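Heads up: the structure comes next, in structure tokens.
The values are calculated or read from the model by the stated rules, or taken from the named source; none is laboratory data. Bear in mind that the values here come from a model prediction, so they are computed numbers and not experimental data. Here the Cβ positions follow ideal geometry from the backbone for every residue, glycine too, while neighbour counts run over all protein chains shown. Note: areas computed on protein heavy atoms with side chains; ligands, DNA, RNA excluded. Shrake-Rupley method; radii C 1.70, N 1.55, O 1.52, S 1.80 Å.
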Amino acid sequence: MATNSYQRFEPLLKQQRQHRYKHLLQVATVVVIVLISCLLVGLFDWERLAEGVPSGINLVSQMLPPDFSLAINWIKPLFDTLAMSVAGTAIAVAFSLPLSLLAAGNTTPHPFVFQVARLILNALRAIPELIMGIILVAAVGFGALPGALAVGFHSIGMVGKFFAEYIEHVNSAPIEAAQAAGANKIQVIYHSILPQVLPQILDVTLYRWEYNFRASTIMGAVGAGGIGFELIGSLRILRYTEVSAILLVILMMVILVDSFSGYLRRRLA
């Protein structure tokens, strides 16, 4: 009797062992890839890392105490950075929403349109903000405008992908009910799809605004203005006490932006 039971469950046990070995192989493959990557970048070069510790300590000592003597001159660049993040996020949401409707399988009008929309989102997401900033500075000149455009265009690719994923995973029951009532495609999207994804859209928008503020601070490295321009200027003339002061100001602004974003998320939830 026991032999018969074992023979009956043997295929299941064999299948479980195969799944376990497969998962172990996948984990081992990931671990090997991570270790090779760490080795290639020199993460295990302990001698080099140890040599860098005194240099790092020396650099930190040169940054202390922070020099806020020119803080009055950082107010406008700081607001320029904040404006870049807000404008860039607005650009992202304005273009991401229609693109995401075209890039979602359940709302796209045609498979070809679906592929084109996905390609646009992938292309915008593939180009880093800094590279896009260099291109746009060359196109429209220095200032906050290329920074806002760079942050906004890159955000379209990221935000649009999230929006499309949320739209594809909505509950189909309200859609079927609206279609049964004779609603057209636009009415179905407006009354059955958007109400379901609106909370997720709000969360992604606020998160992206937080990210865009941090991204806007580095736009000054390519001449796109903002507080990042002041930071790069201080770095170039080796005024490390000013660098530390600007970094502290940026840190405080990041905390304020994150706190305000959390407040908005709680109020609008």
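One line per residue, one yes/no per condition, for (1) open to solvent by less than 90 Å² (accessible area, probe 1.4 Å); (2) modelled with pLDDT under 80:
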residue	(1), (2)
A2	yes, yes
L13	yes, yes
Q16	no, yes
Y21	no, no
Q26	no, no
T29	yes, no
I33	no, no
L40	no, no
I75	yes, no
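If you check F162 against the conditions, is it under 25 Å from the mean Cα position of the chain (by Cα), closer than 26 Å to V257 by Cβ and not in a helix (DSSP H, G or I)? Step through it out loud before you land on a result.
Values: under 25 Å from the mean Cα position of the chain (by Cα): yes; closer than 26 Å to V257 by Cβ: yes; not in a helix (DSSP H, G or I): no.
Here the answer is no, as F162 does not meet what is asked.
For G143, which of the numbered conditions (1) more than 27 Å from F79 (Cβ to Cβ); (2) surrounded by 15 or more Cβ atoms within 10 Å (Cβ to Cβ) fails to hold?
All conditions pass for G143, except number (1).
Mind listing just one residue for me: the one in the stretch 108-133 that is more than 19 Å from the chain's Cα centre (by Cα) and over 15 Å from I156 (Cα atoms) and, of those, most open to solvent (accessible area, probe 1.4 Å)?
Result: F112.
Counting only residues that are under 22 Å from L102 (Cβ atoms) and among the small types (G, A, S), which one in the stretch 172-227 is surrounded by the most Cβ atoms within 10 Å (Cβ to Cβ)?
Selected residue: S192.
Go through the stretch 171-269 and tell me which helices (runs of 4 or more DSSP H), entirely inside it, have 3 or more residues that are modelled with pLDDT of 80 or more and under 30 Å from S61 (Cα atoms).
Because the criterion is at least 3 residues that are modelled with pLDDT of 80 or more and under 30 Å from S61 (Cα atoms), the helices (runs of 4 or more DSSP H) in the stretch 171-269 that meet it are 194-217, 227-236, 240-268.
Listed here are the residues, each with its yes/no results for (1) closer than 27 Å to S172 by Cβ; (2) touching a Gly at 6+ places or on another chain (Cβ under 8 Å); (3) without any contact (Cβ under 8 Å) to a residue 40 or more places away in the chain.
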{"residue": "T89", "(1), (2), (3)": "no, yes, no"}
{"residue": "S96", "(1), (2), (3)": "yes, yes, no"}
{"residue": "N106", "(1), (2), (3)": "yes, no, no"}
{"residue": "Q115", "(1), (2), (3)": "yes, no, yes"}
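So, V170, is that one under 22 Å from the mean Cα position of the chain (by Cα) and among the aliphatic types (A, V, I, L, M) or not? Even if it seems obvious, please write down each step before you answer.
Working: under 22 Å from the mean Cα position of the chain (by Cα): no; among the aliphatic types (A, V, I, L, M): yes.
Here the answer is no, as V170 does not meet what is asked.
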